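Only one structure is covered here, and it is reproduced in the block below.
The values are calculated or read from the model by the stated rules, or taken from the named source; none is laboratory data. These figures come from a predicted structure and were not determined experimentally. Cβ placement follows ideal geometry from the backbone for every residue including glycine, while neighbour counts extend to all protein chains displayed.
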Amino acid sequence: MSATQRVALLTAATKLHNEGRLDEAERLYAQVIAANPRDADALHLVGVIALQRGDHDGAVALIRHALACGLAGAHAHLNLGAAYRAKGLLTDAIAQYRAALALDPRSSAAQNNLANALQLMGDAEGAVAALRAAVALAPRDAAVRSNLLYALNLSAELSPDEVAREHRAWGASVEAPRAAHANDRDPARRLRVGFVSSDLRTHSVTFFLGPLLEGLDRGAVAVFCYASGVRVDETTARLKSLSDGWADVAGDSDAALAARIRADRIDVLVDLGGHTSGNRLGAFALRPAPVQVTWLGYPNTTGLAAIDYRVTDAVADPPGPDDARYPERLARLDGCFLCYEPWADAPDVTPPPAARAGSVTFGSFNNLSKLNAPVIALWSRVLGAVPASTLLLKSSPLADPGTRALVERRFAAHGVDPSRLRLAAEEPTVRRHLARYADVDIALDPFPYNGTTTTCEALWMGVPVVTRAGDRHAARVGADLLSRVGLDDLVAADDDAYVARAAHLAHDLDALAARRSAQRERVARSPLCDRAAFARAMAEAWRAMWRRWCAEGG
């Protein structure tokens, strides 16, 4: 094959590849490889196709072969890193992202991907540093800036005021001129409420959205969902059945999404994601609805003045400094700002494992990203206070040998022998995930970013959760949830009290067993699971917001 023919085939294949015609592109790449099995460009691009198809092993093999054949450039290392990341091999992914940065120090994508991997491994400060570098390189990249803002919530080194200031600075940079709305200003009519989320599937968000949609008085509220994610499952179908209107908007630009929402005459538009992945805050900045609200999926301000309210409660956000910290007005529900819907197929509660093992197992099924240095130090103190106890950590990054070794080193720095750690990767189904609580006696809540779904799941499975009430919303969610089920005795005010509460539970196995056997019923009868009362409270809050807008004339 001549050089001219090769270039022509690669050009045509790349065009097809960019158009998403993967089979046709692959056939042309294969012709190039047949003529020269060491053609690095073609091998790399076939590897990228394998990655897009979910063949992660094939992608790794092909891209590594391309590099061995002399392929140069940061892009190949980025793609190989993505393939390793998809396989759950974070240590290998980080090595590739660093290799990409060595070749192209100005690669925002490499810094962003490096940050993502570091965050997953529990290195919050390293992730923040990499994301600050990524933002400096690409200040107009909305996704990178949101990634940084999200990561700030995980840092134990920043005050609530510092984190809020960075959110507000972002919001000020994207605000659009205030828009007029032609919605009928009737304060008593049926409200059209829209929800925007990339997580309308089996996800932490929908364990709390589902009961709200089921509990709403549909004569007073019409529900519209704007699904900006591409993954769907049986939960998606259920949420569709609970909606009056549904739109798949993953392919819509922010302007197109805003136009769609405006055309649907939404009165109250609810953001469910904040600065989490796949968010559509850019559409909210265009103010497509007269009343805009953020709730549920993010433990901080969005930073947008275009969002009028953040729904919370007086435990998660006590009246005081938080009111001035955020551009949104805090709308505090009378009860909890959350209502939990347990998984329908949850396993039965089992006796505490200490009853058969003779020693206590502490546990956390939170993302490793929440296990910052102070958390590791405090949990090490807990293990020291309860001799022979062990700690079970379950999180998807623990499938990576390098991540497991890193976690062991972090605890060893505080005198914890690796034999006292039980490290497990994520389970493939919700039921099997919940079944692992049979191996946990006492759950430990991280900080300053508490668990939410994990706390509710542990409580439902009979496992008490020890939390420490902190100085911001993210650090008070644990106290909020426990107070709603009458377990205030598990809320600590400081580190010493946290250790004392955990040790007290561990040293009375009979009381632990009695607590475990009664806890599911306690949760089921608590306000945390009262969907009717919660839906009424939320609808009343929306109605008050709507009336205020009507009275103010928009």
#### Entry: Whichever residue in the range 45-61 is charged (D, E, K, R) and closer than 20 Å to residue 18 by Cβ and, among such residues, is surrounded by the most Cβ atoms within 10 Å (Cβ to Cβ)
55
### Residue among 347, 353 that is closer than 30 Å to residue 422 by Cβ and either at pLDDT below 95 or crowded, with 19+ Cβ neighbours inside 10 Å (or both)
353
### Message
Exactly one of these conditions fails for residue 493: (1) surrounded by fewer than 24 Cβ atoms within 10 Å (Cβ to Cβ); (2) farther than 20 Å from residue 379 by Cβ; (3) not hydroxyl-bearing (Ser, Thr, Tyr). Give me its number.
### Response
(2)
### Matching residues in the range 229-273 - criterion: being under 21 Å from residue 286 (Cα atoms) and of a type in the set (S, T, N, Q)
253
## Note on the structure
Residue pairs qualifying under the 6 Å Cβ cut-off, at least six apart or on distinct chains, with the first in the range 137-157 being within 14 Å of residue 107 (Cα to Cα) and the second being assigned to a helix (DSSP H, G or I) and of a type outside the set (Val, Ile, Thr), are 137/108; 138/108; 144/112; 144/134
### Scan of the range 277-296 for residues that are at negative phi, part of a loop (DSSP other than H, G, I, E, B) and either hydrophobic (A, V, I, L, M, F, W, C) or surrounded by fewer than 22 Cβ atoms within 10 Å (Cβ to Cβ) (or both), ordered by number
277, 286, 289, 295
### Task
Only residues that are in contact (Cβ under 8 Å) with a residue 40 or more places away in the chain and either out of contact with any helix residue (DSSP H, G or I) (no Cβ under 8 Å at 6 or more places or on another chain) or among the aromatic types (Phe, Trp, Tyr) (or both): list them for the range 263-272, please.
264, 265, 266, 270
### Task
Evaluate the following for residue 156: is it at negative phi and modelled with pLDDT under 95?
yes
### Summary
Reported set for the range 297-313 where residues are in a loop (DSSP other than H, G, I, E, B) and either of a type in the set (Gly, Ala, Ser) or more than 18 Å from the chain's Cα centre (by Cα) (or both) is 297, 303, 304, 305, 306, 307, 308
### Task
Answer yes or no: is there a residue in the range 182-199 that is at pLDDT 95 or above, in contact with a Ser or Thr (Cβ under 6 Å, 6 or more places away or on another chain), assigned by TED's automatic domain parsing to the domain that holds residue 293 and of a type outside the set (A, V, I, L, M, F, W, C).
yes
### Query
Within the range 355-378, can one find any residue that is assigned to a loop (DSSP other than H, G, I, E, B), out of contact with any Ser or Thr (no Cβ under 9 Å at 6 or more places or on another chain), over 28 Å from residue 122 (Cβ atoms) and in contact (Cβ under 8 Å) with a residue 60 or more places away in the chain?
no
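Here's the yes/no breakdown for (1) of a type outside the set (A, V, I, L, M, F, W, C); (2) surrounded by fewer than 16 Cβ atoms within 10 Å (Cβ to Cβ); (3) touching a Ser or Thr at 6+ places or on another chain (Cβ under 8 Å); (4) over 26 Å from residue 134 (Cα atoms):
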| site | (1), (2), (3), (4) |
| --- | --- |
| 3 | no, yes, no, yes |
| 18 | yes, yes, no, no |
| 37 | yes, yes, no, yes |
| 63 | no, no, no, no |
| 68 | no, yes, no, yes |
| 93 | no, no, no, no |
| 102 | no, yes, no, no |
### Query
Of everything in the range 159-210 that's basic (Lys, Arg) and outside any loop (DSSP other than H, G, I, E, B), which residue is farthest from residue 235 (Cα to Cα)?
165
### Query
From the set of residues in the range 427-462 that are out of contact with any Phe, Trp or Tyr (no Cβ under 9 Å at 6 or more places or on another chain) and over 17 Å from residue 491 (Cα atoms), which is surrounded by the most Cβ atoms within 10 Å (Cβ to Cβ)?
439
### Message
What's the total number of residues in the range 392-424 that are in a loop (DSSP other than H, G, I, E, B) and free of Cβ contacts under 8 Å to residues at least 40 places away in the same chain?
### Response
6
